[in-house]
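J.: My questions will all concern the structure given below.
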């Protein structure tokens, strides 16, 4: 699998033919060290096609878990699809509380909603206390709030799409995550919220 082959997949309308996509994507997963058996890899690629998620762009990952596997997406997928809808006018996410009482709150503004959509999640319900949850708990719980919030606020665009890594409560090992070639989590960047007050303050 080389860069030119990946570029061909990205540039053709709707990607390559189904059989070509499956072949190239399968080779790509193997080249990146993915150790899924053939039947699970085939299932993963069918889900990629069903939701138009591109493993070459690292939009979707297959993470081994015991004799099975988890399918996860990057939180950027939710943001991109909400933006493509043309209905997103801004959003912000923040945390409240300290220690075990931390919660994350997301506020999303849609152009066709009269009021902002607000959703909150609690650290105690998702934290494994290990790895990135121990290192960056506020960043991790904010990403859970973002994923859930955008799915709920944009059900037509995001309904049925796999969850993010942060939402999965199973203890995914570092080895499994590494085999899926998942980059280390980063703090989410939020889009500005533009309101009438914002423009008045700028004058």
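The values are calculated or read from the model by the stated rules, or taken from the named source; none is laboratory data. Everything quoted here is computed from the prediction, not taken from an experiment. Neighbour counts are summed over all protein chains in view; Cβ atoms, including those assigned to glycine, are modelled from backbone coordinates with ideal geometry.
J.: Restricting to helices (runs of 4 or more DSSP H) lying wholly in segment 109-171: which have 1 or more residues that are under 16 Å from the mean Cα position of the chain (by Cα) and closer than 25 Å to residue 87 by Cα?
T.: Values: elements: 131-135, 137-153, 155-158.
The qualifying helices (runs of 4 or more DSSP H) are 137-153, 155-158.
J.: Do we find a residue being in contact with a strand residue (DSSP E or B) (Cβ under 9 Å, 6 or more places away or on another chain), at pLDDT 90 or above, assigned to a helix (DSSP H, G or I) and within 19 Å of residue 163 (Cα to Cα) anywhere in segment 82-96? I'd like the intermediate steps shown before the answer.
T.: In the first step, residues of segment 82-96 are kept if they are in contact with a strand residue (DSSP E or B) (Cβ under 9 Å, 6 or more places away or on another chain); the result is 82, 85, 87-96.
Still in the running and at pLDDT 90 or above: 82, 85, 87-96.
Narrowing the set further to residues that are assigned to a helix (DSSP H, G or I) leaves 82.
Then drop every residue that is not within 19 Å of residue 163 (Cα to Cα), which leaves 82.
Within segment 82-96 (the criterion being in contact with a strand residue (DSSP E or B) (Cβ under 9 Å, 6 or more places away or on another chain), at pLDDT 90 or above, assigned to a helix (DSSP H, G or I) and within 19 Å of residue 163 (Cα to Cα)), the answer is yes, since at least one residue qualifies.
J.: Still on this structure, I have one more. Give segment 50-108 a look and list any residue that's at positive phi and outside the structural domain of residue 143 (by TED's automatic domain parsing), or say none. Before the answer, list the steps.
T.: Step one: of segment 50-108, the residues at positive phi are 52, 58, 66, 86, 90, 97, 99.
Selection gives 52, 58, 66.
J.: Any idea which residue in segment 32-58 is modelled with the highest pLDDT, counting only those that are surrounded by fewer than 17 Cβ atoms within 10 Å (Cβ to Cβ) and in contact with a helix residue (DSSP H, G or I) (Cβ under 6 Å, 6 or more places away or on another chain)?
T.: Step by step, filter segment 32-58, then rank; the result is 35.
J.: Check 101, 112 and return the single one that is without any contact (Cβ under 8 Å) to a residue 60 or more places away in the chain and under 24 Å from residue 155 (Cβ atoms).
T.: Values: 101 fails: under 24 Å from residue 155 (Cβ atoms).
Within the list 101, 112, the selection yields 112.
J.: Is it the case that residue 63 is in contact with a helix residue (DSSP H, G or I) (Cβ under 6 Å, 6 or more places away or on another chain), at pLDDT 85 or above and assigned to a strand (DSSP E or B)?
T.: Taking the combined requirement at face value, the residue does not satisfy it.
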